[in-house]
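Enquirer: One structure coming up, written as structure tokens, with questions to follow.
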Amino acid sequence: MFPYHDENETQRPAYVTMAVIAVNVLVWILVQGAGAALPLAASVCNLGLIPGELTLAAPTGARFPMGDDVVCLMDPGRQPLNVVTSMFLHGSWMHLLGNMWFLWLFGNNIEDSMTRPRFLTFYLFSGLAAALLQVVADANSIVPMVGASGAISGVMGAYLVLYPRVRVFTLVPLGFFMTTIALPAWAMLIYWAFIQLASGVTSIGSESQGGVAFWAHLGGFVAGVALVKLFERRDRVVAHRAHTWRPGAARGL
């Protein structure tokens, strides 16, 4: 399934969402060489999150092959800043474009529900939670982890809490063709989260996960569900309560 539109208008421009997208694109072009082999490998190795490096479970000098005559060597120490830098790196054009599309589709409404500084903090917290669960689930791995999908999963979890009944128009493969269906957000997002959980469980003990950090997706999603109400704008919460409270109901009118 590929969502491409939702029926959820925003009340103000999503400047933080646009800025985060711009930073990801600039990093891809300026730091990762727009996918050129050597800059891409160097950025992923040097700035990506390596669970075994963070936990010190991987020995210094351990080698992870990244292509013809290219290997990533484990540095001494934990490299904690890579938890943050990894959130702004990607492995390919499709990886970047897919992530940025999901961020725009769901992020503009979540930013609208918060103050802009709160949204940025929420986004980064979701990414940190995503990285933490992936590290816990695969503590010995020497495979570098990159991508904004953990933080974006937090945005999707927040969307489930705040806008569960909003219709999301989704492309669904039907044989050799694609068809469009409108799903309530809760159906699409819970299905997506289930796929991440099932994929994470089946990948346990496997050396190959297809380069996808399923546990990071799930960790970000759960963080988004758990944290969104703490970050929601107070005026929005008060307005929602005023809209749902009916004084006459208490008097039987």
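Enquirer: Can you confirm whether V136 is among the β-branched types (V, I, T) and within 16 Å of V222 (Cα to Cα)?
Expert: So V136 fits the description; yes.
Enquirer: If you take the residues in region 1-20 that are farther than 23 Å from A193 by Cα and in contact with a Leu (Cβ under 8 Å, 6 or more places away or on another chain), which one is surrounded by the fewest Cβ atoms within 10 Å (Cβ to Cβ)?
Expert: V16
Enquirer: Further question: Look through G67, G61 and report the one residue that is at positive phi and either in contact (Cβ under 8 Å) with a residue 40 or more places away in the chain or in contact with a strand residue (DSSP E or B) (Cβ under 9 Å, 6 or more places away or on another chain) (or both).
Expert: Every option except G61 fails the conditions.
Enquirer: Kindly provide the set of residues from region 132-145 that are β-branched (V, I, T) and part of a helix (DSSP H, G or I), ordered by number.
Expert: Residues satisfying the conditions are V135, V136.
Enquirer: Right, another one. Report every pair of residues separated by at least 6 positions or lying on different chains whose Cβ atoms are under 8 Å apart, first residue within region 33-55 and of a type in the set (G, A, S) and at pLDDT 90 or above, second assigned to a strand (DSSP E or B) and surrounded by 20 or more Cβ atoms within 10 Å (Cβ to Cβ).
Expert: If the second residue must be assigned to a strand (DSSP E or B) and surrounded by 20 or more Cβ atoms within 10 Å (Cβ to Cβ), the pairs left are A41/C72; G48/M145.
Enquirer: Still on this structure: Considering only region 1-59, give the helices (runs of 4 or more DSSP H) lying wholly within it that have at least 3 residues that are more than 27 Å from R118 (Cβ to Cβ).
Expert: Per the criteria, 37-47, 51-54.
Enquirer: Turning to a different aspect of this structure: In the list F88, F64, which residue meets the criterion of being among the aromatic types (F, W, Y) and modelled with pLDDT under 95?
Expert: Matching residue, one of F88, F64: F64.
Enquirer: Please count how many residues of region 99-126 are crowded, with 20+ Cβ neighbours inside 10 Å and touching a Leu at 6+ places or on another chain (Cβ under 8 Å).
Expert: 5
Enquirer: Look through G224, G200, G219, G157 and report the one residue that is at pLDDT below 75, in contact with a Leu (Cβ under 9 Å, 6 or more places away or on another chain) and outside any loop (DSSP other than H, G, I, E, B).
Expert: Sole residue among the options that is at pLDDT below 75, in contact with a Leu (Cβ under 9 Å, 6 or more places away or on another chain) and outside any loop (DSSP other than H, G, I, E, B): G200.
Enquirer: Also: Report yes if F176 is out of contact with any strand residue (DSSP E or B) (no Cβ under 8 Å at 6 or more places or on another chain), modelled with pLDDT under 95, over 20 Å from W215 (Cα atoms) and of a type outside the set (D, E), otherwise no.
Expert: yes
Enquirer: Please enumerate the residues belonging to region 25-71 that are closer than 18 Å to T85 by Cβ, out of contact with any Lys or Arg (no Cβ under 9 Å at 6 or more places or on another chain) and of a type in the set (V, I, T).
Expert: Across region 25-71, the qualifying residues are V25, V27, I29, V31, V44, I50.
Enquirer: At positive phi, under 23 Å from the mean Cα position of the chain (by Cα) and modelled with pLDDT under 90 - does that describe any residue in region 75-83?
Expert: Yes, there is a match, as at least one residue in region 75-83 is at positive phi, under 23 Å from the mean Cα position of the chain (by Cα) and modelled with pLDDT under 90.
Enquirer: Confirm whether A129 is surrounded by 15 or more Cβ atoms within 10 Å (Cβ to Cβ) and assigned to a loop (DSSP other than H, G, I, E, B).
Expert: No; evaluated as a whole, the condition is false for this residue.
Enquirer: Quick check on my filter: what residues within region 60-98 are under 20 Å from F2 (Cβ atoms) and surrounded by fewer than 21 Cβ atoms within 10 Å (Cβ to Cβ)?
Expert: G91, S92, W93, M94, H95, L97, G98, listed by residue number.
Enquirer: Which condition does S153 not pass, out of (1) buried (at least 24 other Cβ atoms within 10 Å of the Cβ); (2) within 20 Å of C45 (Cα to Cα), if it passes all the others?
Expert: Among (1) buried (at least 24 other Cβ atoms within 10 Å of the Cβ); (2) within 20 Å of C45 (Cα to Cα), the lone unmet condition for S153 is (2).
The values are calculated or read from the model by the stated rules, or taken from the named source; none is laboratory data. If you're wondering where the values come from, they're calculated on a predicted model, not measured in any experiment. Here the Cβ is made from the backbone with ideal geometry for all residues, glycine too, and neighbour counts use every protein chain on show.
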